[in-house]
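Below: one structure, written as structure tokens.
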Amino acid sequence: MKNIINLYTFDRKLRLLVLDAIEPIEIALRSQVIYHLSHTYGAFGYLDAKNFSHRFNHSSWLIHLDQLIKEATETFIMHYKTKYTSSAHMPLWMALEVVSFGGLSRLFRGLLGSDQQAISKQYGLQDTVLSSWLHMLVYIRNLCAHHARLWNRTLTFKPKLPEKMTAWKGVSNSRIYSVLAMMQYLLRQINPEYTWKQRLISLLQDYPEISVTVMGFPHDWQRRSFWV
């Protein structure tokens, strides 16, 4: 019985730790997308379908975005609607604030390849890898929100890994370690001063009976570049 309780407690703490990491990652990625698109196409360039991939259903996306804005009650949106009554649309940096993380992930996949590459370069990643990671983080956040088990889960969605980077050699993309590693990688890119890594290590040390091997941790994981 004690082992079962420990597993449950560990998994709950792990889910909270994962959610704590996803929040700053989402904020940073949203800001990067807004910054790049605004500087490339202007405040209202998102209204033009030619600024997106031909595979992206731009008209449907705009309808959904307009609906989100109509339903939004944030102060900055209410202020804009009151002050700029003649404007049918909001500038990008305001409009994208009402989009969910899942919506942001779908938007990224709908960008032109050149824009995906420019944004991904800021994180030292290929565009296909970052797109995959965004999808993965949305999937993991949904699991956490529904209190699903994480620690020994076999991932249904398997993210792309930057295999040319030595630190990713031999990492399985079907185990939770790959997700923890990608979050640590992104957090280091965003702000090297984040203490999330220390909190993860502390959690693992508090529960030595939990097998990190089952979670997909390589034996030398703490010596790999993004953990050092």
Scanning the range 49-72 for residues that are among the aliphatic types (A, V, I, L, M) and open to solvent by less than 40 Å² (accessible area, probe 1.4 Å) gives Leu62, Leu65, Ile69, Ala72
With respect to the numbered conditions (1) open to solvent by 40 Å² or more (accessible area, probe 1.4 Å); (2) modelled with pLDDT of 95 or more; (3) among the β-branched types (Val, Ile, Thr), which one is the sole condition not fulfilled by Thr75?
(2)
Based on what the data block shows, is Leu92 surrounded by 16 or more Cβ atoms within 10 Å (Cβ to Cβ), in contact with a Ser or Thr (Cβ under 7 Å, 6 or more places away or on another chain) and not aromatic (Phe, Trp, Tyr)?
yes
Within the set of pairs 6+ apart or on separate chains, which have a first residue in the range 34-48 that is closer than 15 Å to Ser59 by Cα and open to solvent by less than 60 Å² (accessible area, probe 1.4 Å), a second that is assigned to a helix (DSSP H, G or I) and of a type outside the set (Val, Ile, Thr), and C-beta atoms under 6 Å apart?
Gly45/Asn51; Tyr46/Leu92
Determine if the range 21-29 includes at least one residue that is under 24 Å from Val179 (Cβ atoms), open to solvent by 40 Å² or more (accessible area, probe 1.4 Å) and out of contact with any strand residue (DSSP E or B) (no Cβ under 9 Å at 6 or more places or on another chain).
yes
Please count how many residues of the range 181-228 are open to solvent by 60 Å² or more (accessible area, probe 1.4 Å), in a helix (DSSP H, G or I) and farther than 19 Å from Ala28 by Cβ.
6
What's the total number of residues in the range 118-166 that are more than 13 Å from the chain's Cα centre (by Cα) and either open to solvent by less than 10 Å² (accessible area, probe 1.4 Å) or of a type in the set (Ser, Thr, Tyr) (or both)?
8
Applying the selection to the range 119-139, what residues are farther than 17 Å from Phe56 by Cβ, touching a residue at least 40 places away in the same chain (Cβ under 8 Å) and out of contact with any Lys or Arg (no Cβ under 9 Å at 6 or more places or on another chain)?
Gln122, Tyr123, Gly124, Leu137
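The values are calculated or read from the model by the stated rules, or taken from the named source; none is laboratory data. Computed from a prediction, not measured in an experiment: that's the story for all the values here. Don't worry about glycine lacking a Cβ; one is built from the backbone with ideal geometry, like all the others, and counts go over all protein chains shown. We work out accessible area using only protein heavy atoms, side chains counted, and drop any ligands, DNA or RNA first. Shrake-Rupley method; radii C 1.70, N 1.55, O 1.52, S 1.80 Å.
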